[in-house]
Structures are given as C-alpha cells and as structure tokens.
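Structure first, commentary second.
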C-alpha cells in the first residue's frame, strides 16, 4: 500500500504452485516397495530426529511441521485425555523410512477413537513423506494395513480434512478405499507477478477498486502502518490484540471460540514467540494512529502463506472492511517475499470471496472397528445428512442458527 509505512523485513520463500513438481527421490532409493513395515514410536522425542529429516528433505503440510507439533503436544495434550501415536512406515525389505503418521487415541463419551494429531488446531491431515514417496492407490492401502496392525484397540478410527496432495505428491490417506469427500472445503489463490500489481491481477475489477478506495479512506485518517512482527515482544503484543478483538467479535455473534480455552491461547502464543522472526509463524497488524484495526496470524511453509486467525477492531471500523485490507496487505507481502500461494485454508468466511479463491476438496477416512464404532459412525453420518438437508433450505437453516446463537448468548449472561 503506497500510503502505508511498512514495518517488515524481507524473508526468503521458495517457489510454490498449488501442485508443484514432486521433489527428487532420495539418493539410492529404489522404486516404492511392494510391502511395508510399521512401528509405533514411544513418544515424540524418539521420532523427532527422523521427523525433522523428512520435513526438511521430503514433504509435509505446515500443520505437520515439528515446531507446530511440539507446541501442540506441550500445551494441548495434557488434560486432553489423548495418547500420542506416532507411527513410522517403511520399506519392509530395507527398513528405509517412507513416512510418519501422527495420530492420537481419545476416549469419548461411551467409545474410544483414533484421530489425527489435531486437537482442534490443524486444518489439514497428511503424513510427513520421505523424498519421492509417491504411492499408488494399491500401495497406499498396503501401507495403511501396516499402520492398522500396530494401532491399539479402539471403536472408531477417523481422520478428517485430508487434502488430496502434499506439495505435488499424492496424499496416501486420500487414496485409501475408505476415503470420501466431505462438505468442508479449503480455498486459496495462486500469486504471480509483481507485488505492486498482484491485487489487480488476482482479484475482480470491482474488488481491486474497492480495496484502493478503502485504503485511501483509511490513509485520510492519519498515520497508517502495516506491521509484520519481527521480535517476540512485538509478536506477543499483536497477538494479545488479536485475542481481544476475536473474543469481542465471537461474543457479539454468540459463537463458541476455541481461543476461550487458556491452553489453546498458550499454544498459539508459544509457537508464535518461538518462530519470530523467520520461523513458521507470521503475525501481522494494521495500525491507524496507534490503534490496531486488524490483526492476523498464519504460517509460512514451502512457498505458501496459510492464514489461520484474523480479527478486526470494533463497530466503528467495520465500514472500512479492515479484514479485507489486511488480507490484501498479506497478499502483497507474500509476493514481496517470493511466495506463490495464499492459502485461506478451511471455512467460508465472506471476506475470502472478495479474492476469487479456488476451492479444493477435502476428504475423510472413517473406519468402525467394533459394533459400538458402527453405531457411532451411523449416528454421526445421519446427523451430517440432516444438516446437509437443512442447508438446502437456507431460510430455515439461517433461522435455526440464529436461535442457537441467541441461546448461547443467553447462557453466557445467566
């Protein structure tokens, strides 16, 4: 933005398209094996050396980066009742590691389940792959059989929000016979060309003009800064503002916010402070005359920026659409730093549509492993079907959602 003072330093990012070429195979590696072995690591520490090696040389999503997972395990595992299951899958003949599959075992009300290592803070589920590990559907099924053989006994195994590829390599989970597309989608935009013209080339003409107009209105109010946190102290201050803004907004809407839980706040803060200035997490804000009007938190990984948290100031600033303004600034920041993809991740917040994102299907694998698991899975799928039916009648769906929000607000005031 020409009218802004930009407080940021350039960081290097690798080139990335939504589906880049697969990385080269590991030196000396043979073709993908026809049989697989699997072993369960006793804890995260025992797998961390291999994890970091595969992460750096192979392929994983931002949510499977070790630094993200270490904070997750430290802050969210205690008190969750979850048991960590990190499974190493390898070539049965040579023992060569091919992937890590991070899962958790959880006790639910009346049944037990194995899920992805997620605990509410990971938008995508994908293994950490060794270089060149591109399995066919048949090989993925064989590898999953090896994983299943070392899993503890549970009623239900469910892995959700599975992307179909991992930086150009097929996601083995998406190839499984049990994998099915879910209603939830991810979305994002490819970034090309100069940072100064990326909005004009990426967005619709009306959106581009609207951003220019709103920027001028904000600039007319005084000193405006787009800030990328470059020290732990600055990241902590902006994160505190984001937390306050988000809580105020969610209370207005009567919606549950995961960040109402202290351990979740501690997780996001910890991984941010450990990342600054050039690690996984990026924290941004737009400040006008000393007041933060928008804040954002996301991950930079593999040449892409993944937006996670976005918050805006109160009612007085809403006509200026600060959420769209900070998204535009992050888009330009991404291009200045060599990034080629802006990932809006999951959800359908209205501001995303202003940028004409491309939607991508996500998948789920659900396997009942007991009679109780079959009953639970049947009930849950019936509920999903009922919700989908309601959504085909928007007026009724919106009315029921309003009633639910009012009940939540009422509950908080009692």
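Binning the C-alpha pair distances of the stretch 289-388 at 5 Å intervals from 0 yields a P(r) profile of 2, 9, 16, 17, 13, 10, 10, 9, 7, 5, 2, 0, 0 %, listed from the shortest bin outward. Cα centroids of the stretch 118-183 and the stretch 230-248: 34 Å apart.
At a Förster distance of 45 Å, what's the computed FRET efficiency of residue 48 paired with residue 200, Cβ-Cβ distance as r, to 0.05?
Step by step, r from the Cβ atoms, then E = 0.50.
The Rg/Rh ratio for the stretch 188-360 is 0.94, where Rg is the radius of gyration of the alpha carbons and Rh is the Kirkwood radius. With the convex hull drawn around the C-alpha atoms of the stretch 35-116, the volume per residue stands at 104 Å³. Rg and Dmax of the stretch 89-130, based on Cα coordinates, read 13.8, 42 Å. Neighbour counts of other Cβ atoms within 10 Å put 99, 77, 331 in the fewest-to-most order 77, 331, 99.
When peptides 358-366, 56-64 are ranked by their average number of other Cβ atoms within 10 Å per residue, the highest-first order is 56-64, 358-366. Name all residues of the stretch 76-91 having a backbone nitrogen under 18 Å from the label point set 7 Å from the Cα of residue 107 along its Cα→Cβ direction, giving them as ranges. Hits in the stretch 76-91 for residue 107 at 18 Å: 77-85. Volume per residue of the convex hull around the Cα atoms, evaluated for the stretch 114-223, comes out as 201 Å³. Give the shape of the stretch 316-359 as rounded, prolate or oblate, defined through the alpha-carbon gyration tensor: a ≥ b ≥ c are the square roots of its eigenvalues, a/c under 1.5 means rounded, and otherwise the shape is prolate if a/b is larger than b/c and oblate if not. Oblate shape, in that a/c is at least 1.5 and b/c is the bigger or equal ratio. Sorting 167-178, 290-301, 269-280 by their mean Cβ neighbour count within 10 Å, with the most densely packed peptide first, gives 290-301, 167-178, 269-280. Peptides 140-146, 123-129, ordered by how many other C-beta atoms sit within 10 Å of their residues on average, highest first, read 123-129, 140-146. Here the average projected area of the convex hull drawn through the C-alpha atoms of the stretch 36-177 stands at 8.1 nm². Once you compute Rg and the Kirkwood Rh from C-alpha atoms, what is the Rg to Rh ratio for the stretch 238-319? In the stretch 238-319, Rg relative to Rh is 0.98.
Counted residue by residue at 0.36 nm each, then reduced by the alpha carbon distance between them, the extension gain from residue 278 to residue 96 reaches 62.3 nm.
Bear in mind that the values in this text are calculations on the coordinates, not laboratory data. This structure is a prediction, so every number in the text was calculated from the model and none was measured. No Cβ is skipped: glycine too gets one built from the backbone with ideal geometry, and neighbour counts run over all protein chains shown.
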